[in-house]
Structure formats: structure tokens, C-alpha cells
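I have placed the structure first, in the form of C-alpha cells, so that the comments after it can refer back to it.
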Amino acid sequence: MKKLYFFITVLIILAGFISSSQAQTPAYYNSNTGTSGNSFPFNQAAGKAVNSLILAGEISQPTPVPAGQKITTVYFRNSGAGTRTYTNLRVLMAQDVITTLTSATFYAGPYDTVYFNASPTFTTTVGGWMSITLDHGFNYDITKSLILFVEQCGATGSGGSVYNSSGTDIRRVWSVGGCPTVPYAGGDASIVNFGVDVVPAAPTSSNRTLKLATPGINTTYVSVPYNAGMVGFGNNITIEAWIKPGGTTTAATVLNKGVASFDYQLGVSLTTMLPFFRAGSTIATCPFPITAGIWQHLAVVSNGSTATFYLNGVPGAPVTAALVLGSSANEMRIGRGNSDAGSGWLDEIRLWSVARTAGEIYLGMCNKWIPNNAPGLKAKWHFDSTFVDSVSGWNGTPMGTAGFDTMTFCPIVTNISGNGAIVPKSYKLDQNYPNPFNPTTNIRFSIPKSGYVEIKIYDILGKEIATLINDPYLAGEYIVGFNASSLSSGIYFYRITVNDFVDTKKMTVIK
């Protein structure tokens, strides 16, 4: 079996090497007729970064990219010939509904780093396409604009200029030069001749989640009209949510009832990254911080005299505070306080009129379908492409650019030093359970050091068929579910890569 693992790994590495080294034509591209050659970013010895915007529907040659695809390789059409070696070449991708960039500003939304190589070499020909095989696939939504950020910190050799076509608005913003890169005071309408190869997006266990602006702005949130059932809890309350803060420059409100009266509010002070619970003018501050850019489960339980905060099911020391809940007739807001904003991503928000126990919070945080008649449950928002509250009908209306994204549910079992949790001492990938299975199973893993985690599924021939995880994770112990309903019976392999740790295990689907 070890020989089989080795054979699969060799095939994967070899395939990646071949696709990165050979010049070829992309399966889909936006243009191959641009005549304006430009040296940004590849033909700059001192280093350069370029932010480019490709609008929805523009990758349409020879036919439009089909829906439900994952980008595996990107291409740039070259206007100069030569061979260059780069230092720290990165390709980042993001998607958004924007149709123009902002002059002198790099796009500030969340990116996925799809390629990094400390010292790659590429050979280019005039009119040919330089191909870069991504480290991991990027799920492409054909209804949104594609935002590219390509950066290199130094280049030796010759060649690498790329063709651009003329467009409108701001479609390209570039750096001053050298690393770390900072935007130049300008931008233009040049559209890089760009192409992609794709494969069908494999099944994953991702679910939908609320996406707010990053950094937060107070015009993007979910407005929930007042309902009499939103007050009258006594002083017992529990608020829970999965949260992935988008940065450290604006506040990150999770839930606020009462607008300026602050009947009750859960949020995060992103200058300190400390969560807080507010009732009227009284604020209880969490004794431990949370982390930007990482999914975490945050909860607060208040009984009127103390507030206890939970991070991924682990409680901190109770905070003494006289927290008297308000009873105004003002609306409820998800992702906004009075004027303070939310930031990043929220999912599975639950509101209870009881003080939940530590065991109830820990056992329930990874249960997406807690019964609607659970004692004290007042509201829960799944954000599965709707803003509906499935318990009391406290349905929200999106404001600003509030929309949806995806997350893997539920990744965390126990996690994060600083709030009393136990951090694993070694890397570990457990055998999936149950195994054999039909159609779902769970995969547990442990990491003693924060890092970028990737878990992929392969068939018996070494073909990648699913990416379960492709995100940064803090040190901790995690679990991720896999749904094989679209696969046939047989033997499959799952492989984890994080920091310098790589491990592969076998699992069996029986139908």
C-alpha cells in the first residue's frame, strides 16, 4: 500500500510539472487579439504586482466557461520571448460583483492564494501562452467578476511581457515596484489576455454562509423587523454564531437588537480582537481574543450578573457585569450595531432566551439542525442562500452588498490556545469514521502549529475528485465531513498537506 501511495504522489507531482512547463493554448480565454504589449508584472527585474479585473462572461473564447467549474491552470498571452526565473511568484484570486477597480488601490476583499513558488522558471514565445498550474483549484462562479493579483519580487533573464486589450473603467492597478508591493497612484483600462483550464467542481461538504463587506461598512448588514418575541427574556440570553472576521480595522457586530438602545449585542472589537457582549450601556469584554480570517464558533451566555464567552465550545472565566436586557421596539440587525459595522463572514446564528450550559454549547455547535422546538430557542439563521429565521419567522432583508459565500461545516472539534483549550502536540490524520461508508463519513485531523491546510480526495488511479479543505487553520483538532453521494462504490484516498506534514489514508465507499 505504501508503494501505491508513492505511485499516486509521483503521478500528481509529474502531472503538475508537465502542465507548468509546456506552452499550450488555454481551454477558455478572454482574448488572443490584444496588440498592446506590457512588461507588468512578469518582465520587471525589480519585482512588480498587478491587480487585474476580468468581468463575468468575458472568458468566452472559443465558448463561454460552463457553470460549476474549478480553475486548475491560468494562462497569460506573451508579447515577448525569453526565459525568466522569478523570486516569490504568487497568484491570488478572488470573486466579487464589482465591475471596476479603484485607481491607486488594490482590491481589499479576501483572496485565495492559488499559486506560490519561491523560484519558478518560465519560457515564453511571442503570441504564445505562458501556463501556470495552480497549487489547488479555484471554484469559479461565472456570474461574478474574477479578480487577479499576480506578484513577483524579482526576476532574472529576459522576456515575459504580456498582451493587453483596451477596455473601459479601471481594469488594472499595478505596484510601484519591488517587495513588499504597494499600489502606484493610478490605474488604467488595460485588460490582460488571460485564459484558464477547468475541471468540474468536485462535491464538497460546503454550505452557504452570510458574507459581509471586508473591511466592514455599516451599510452592509441584514435588517430584521421588530417582533414582540425579541424581548421579554428576563435577563437570560445565549447568542451563538460561526464567525470569520474579515480584518482588524473595523468593528465586527454579530447580532444587535435595539439599534442605538442596544437591548443586547454580540460583537468583536477588531482593534483588540476581543469579543464583547453589551446590554444598554453596560459592556462585558471577553478575556481572550479571536483571530481574523479563521472560522471560529463564538458564543456568549449571560444571566444578568455574569457573562461567559465560549470559543469553539471552550469557556473562558465568567465576567462579572450587571447586564440588564432592554425591551425597545427597535429592529434587530445582523452584522451591524447602531452605526458600527460587521466584517467578514457569519453563519448559523442562534438566539436563545435561556442561559445555555457548557455541554449544550459544545455538543450543539456542530449540529446544524438543532430542532426548532429546543427549549428556549428563539431564532436561528442558516444563511443557506436565504435570510430566513427557521424558528420564529424573524426573516431578514439584505442591505448594501450583503450576500452569500461557502464554508465547510463543521470543521472544529476543539481548538485554539489562549482560552483553556488543549493544543495537540503532534500532527495527525485519523482514519475516517465510519469506514466503509455510504454516503457520508467524517475525517479528523490535528495540527500543533497554525498553517494552510489542504485535504483532497483521490480515486484509485490518483485522479483528484474533491477538495474538502483549502484554508488557513489555527493549531487544534478538527473534523470535516465528506459526502460521497455522487461517487460510485470503490476505494478512495484522502491526503492532508499542512506545513511540512503530509499523510494519506484509504477509505471505502459501499453502495
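Read the figures in this text as sums done on the coordinates, not as results from a lab. Remember, it's a predicted structure, so these values are computed and weren't measured experimentally. Ideal geometry is used to build each Cβ from the backbone, glycine not excepted, and the neighbour counts take in all protein chains shown.
Protection proxy ranking of 65-78, 299-312, by the mean of other Cβ atoms within 10 Å over each peptide's residues and highest first, is 299-312, 65-78. Projecting the Cα atoms of Ile457, Val509, Gln431 onto the dipole axis of region 423-509, where Lys and Arg carry +1 and Asp and Glu carry -1 at the beta carbon, places Gln431 farthest toward the positive end. Counting only Cβ charges, +1 for Lys and Arg and -1 for Asp and Glu, the dipole size of region 423-509 around its Cα centre is about 160 debye.
Rounded to the nearest 500, the 222 nm mean residue ellipticity of the chain from helices alone is -1500 deg cm²/dmol, with -39,500 (n - 2.57) taken per DSSP H run of at least 4 residues. Among the listed options [x] 148; [y] 125; [z] 197, the one matching volume of the Cα convex hull per residue in Å³ as calculated from these coordinates is [x].
A straight Cα-to-Cα reach below 17 Å connects Lys505 with the aspartates and glutamates Asp430, Glu454, Asp459, Glu464, residues fewer than 8 places away in its own chain not being considered. Placing +1 on the Cβ of every Lys and Arg and -1 on the Cβ of every Asp and Glu, with no other charges, gives the chain a dipole of roughly 660 debye about its Cα centre. Partner lysines whose Cα lies under 20 Å from the Cα of Lys48, excluding those fewer than 8 positions away in the same chain, are not found. Which shape class applies to region 207-404: rounded if a/c is under 1.5, otherwise prolate when a/b exceeds b/c and oblate if not, where a ≥ b ≥ c are the square roots of the Cα gyration tensor eigenvalues? Cα axes put region 207-404 in the rounded bin. Among the listed pairs Lys378/Lys506; Lys378/Lys449; Lys425/Lys456; Lys144/Lys368, those with a Cα-Cα distance over 31 Å are Lys378/Lys506; Lys378/Lys449. Using θ = phi - 60° in the Karplus curve 6.51 cos²θ - 1.76 cosθ + 1.60, the 3J(HN,Hα) couplings for region 151-166 round to 9, 9, 9, x, 9, 10, x, 9, x, x, 5, 10, 7, 10, 10, 8 Hz; x is entered for Gly and Pro.
What FRET efficiency comes out for the pair Ala228/Leu274, r = Cβ-Cβ distance, R0 = 25 Å, nearest 0.05? So, using R0 = 25 Å, E works out to roughly 0.15.
The angle between the Cα long axis of helix 2-21 and the longest principal axis of the Cα atoms of the chain comes to about 60 degrees, rounded to the nearest 10.
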